[in-house]
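See below for the structure under consideration.
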Amino acid sequence: MPLISRRDTLSVGLGAAVTGFAGADQAAAERRAPTLTLLLVNDIYKMGEENGRGGFARLNAVVKAERARGVPMLYVHAGDMFSPSLMSGFDQGAHTVELVNLAPPDVFVPGNHEFDFGPEAYAARRREAKFAYFAANMRDADGAPLPGHEDGRIFDLGVAKLGVFGVALPNTAEVSSSGDIRFSPTMETVQREAARLRRAGADLVVCCAHTDRADDLKIVRSRLVDVLLTGHDHDLALTYDGRTVMVESSEEGYYVTAIDLTLGTTGEGAERRTTFTPAFRVHDSRSVTPDPATLARVQEYEKLLAQELDVVIAVLSGELDSRTAIVRSQETAIGDLIADAMREATGADVAVINGGGIRGNRVYPAGHQLTRRDVLSELPFGNRTVVAPVSGADLKAAIENGVSQVEHRAGRFPQVSGLTAIVDRSRPAGDRVVAMTVGGAPLDPQRIYRVATNDFMLKGGDGYGMLGARVQDADLKGKLVASDVMVHARRLGTIAATTGGRIRFL
């Protein structure tokens, strides 16, 4: 099965037809008279556009235009919205719910970032939503369904009955702050729900998932569903192998994908089955006029932010790179800056943070005037700096965890201060650190070091449970990490933006 990535690319597999980007050959697309349309967005965090593309105003314009076509439609949001963004650091994602409520989806599947502010904030956002939450693999601590959530439902669109169910990321508890909510495995859920919906009379089964690509491919190859609408990987991916459709719609609302299904039947009586032929239309949001009502609300939010955040705190004498692939795979100047700020603020021996907590995904050129907005854009989660006593053995285990998935650019990659580590990527995960020093001296496995980290990691996030082994002795009343960075940057005045060989690869 062909698979398409990254971000701004488009391809299709066998049997599919591309009707074009929005605005191109639209009349021809309309003449094909699809029976129904599925519309997908996923992983949209920033409320405003970037370089004329993306954002909620352009997304909502696409949604409203699709609904105005008069073709039966199911609109799906495949998760990750509440966080991380600059505004989310202030309102825990409430603004995203308000903006999506202006053109609500029929189905919303919670992504891992919906839980970044904890289960209470998640529940509050769910109550504010004017759209339905689907997650068949989520249960409370007692195994009961969560309030306001559905496993799945049959949508009767008049022309067909669609059995639709949701699957949340099964390892959400590891990468976010979901509390005691339980997440069951992906394929166990798919098998159960697909069978249940077909028994209930579904003509076609649609799985709406926030799952990684490995699980996506398992779902497709299982042949249990007809269509998979997915998020999490941030790819623009369209595939059809003659039996199953899989679509993911990039990120940030840059592209919004419509799947037009022309339905037919085969067989008679008990053997009668619904067939379909898909065609794909990818809306490039750059070509869309923003929805006026949504844009007006976004501008109100942005005005409030500007008053507080556009204050210069330092100047860069070198380039600062916070691109996702970089901060999750190597030592970076911005990682050094943040870790140094945490160690300076606490007087700790060492500071360790996860590269996945750095979210700006941009390059700041030399001469850039660093603002409060920049810092909060990079650190939007509202994490606090905490200090814990950690044995040398556990500190090494933490760094081993951090580099264990470097080839996959996982968010656990460590950005550090006060230590150096030499890493051999050719060795098995868990045994890659071949040498470590703390404060210039060899690591002592028996010694207890004071380690500054963030509260997410101390609670075991990104696999860092070893940092909390002595958590009862930890100082859990730290300031916001972003505040520590602002103080540190203002003290420096000029930031050199260089690295010093803290994490070195053989």
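The values are calculated or read from the model by the stated rules, or taken from the named source; none is laboratory data. Bear in mind that the values here come from a model prediction, so they are computed numbers and not experimental data. No Cβ is skipped: glycine too gets one built from the backbone with ideal geometry, and neighbour counts run over all protein chains shown.
The residues listed here are VAL245, VAL227; of these, the one that is in the same structural domain as GLY48 (by TED's automatic domain parsing) and more than 26 Å from PHE82 (Cβ to Cβ) is VAL245. Of everything in the stretch 153-191, what is small (Gly, Ala, Ser), within 22 Å of PHE131 (Cα to Cα) and surrounded by 17 or more Cβ atoms within 10 Å (Cβ to Cβ)? Give them in sequence order. Listed by number, the residues that qualify are ALA160, GLY163, GLY166, ALA168, SER178. So, of the residues in the stretch 222-244 that are of a type outside the set (A, V, I, L, M), free of Cβ contacts under 8 Å to residues at least 40 places away in the same chain and closer than 17 Å to GLU193 by Cα, which turns out to be surrounded by the most Cβ atoms within 10 Å (Cβ to Cβ)? Result: THR244.
Residue by residue, here is whether (1) assigned to a loop (DSSP other than H, G, I, E, B); (2) out of contact with any Lys or Arg (no Cβ under 8 Å at 6 or more places or on another chain) holds:
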position: VAL220; (1), (2): no, yes
position: LEU224; (1), (2): yes, yes
position: LEU228; (1), (2): no, yes
position: HIS234; (1), (2): yes, no
position: GLU248; (1), (2): no, yes
position: GLY253; (1), (2): yes, no
position: ALA258; (1), (2): no, no
position: GLY264; (1), (2): no, yes
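Only one of the listed residues (ALA94, ALA124, ALA144) is free of Cβ contacts under 8 Å to residues at least 24 places away in the same chain, out of contact with any strand residue (DSSP E or B) (no Cβ under 9 Å at 6 or more places or on another chain) and not hydroxyl-bearing (Ser, Thr, Tyr). That residue is ALA144. Whether a residue is under 16 Å from ALA339 (Cβ atoms), basic (Lys, Arg) and assigned to a helix (DSSP H, G or I) was assessed, and ARG504 does not pass this test. Would you check which residues across the stretch 46-60 are of a type outside the set (S, T, N, Q) and crowded, with 23+ Cβ neighbours inside 10 Å and list them? Residues satisfying the conditions are MET47, GLY54, GLY55, PHE56, ALA57, ARG58, LEU59.
Checking each residue in the stretch 55-92 for being at pLDDT below 95 and in a helix (DSSP H, G or I) picks out SER88, GLY89, PHE90, ASP91. Would you mention how many residues in the stretch 353-405 are buried (at least 24 other Cβ atoms within 10 Å of the Cβ), part of a strand (DSSP E or B) and at pLDDT below 95? Here the count works out to 4. If you check THR266 against the conditions, is it crowded, with 21+ Cβ neighbours inside 10 Å and either under 20 Å from the mean Cα position of the chain (by Cα) or closer than 22 Å to SER222 by Cα (or both)? Taking the combined requirement at face value, the residue does not satisfy it. Here SER391 qualifies as polar (S, T, N, Q) and closer than 17 Å to GLN446 by Cβ. When we screen ASP180, ASP233 for residues that are within 27 Å of GLY55 (Cβ to Cβ) and of a type in the set (Asp, Glu), the only hit is ASP233.
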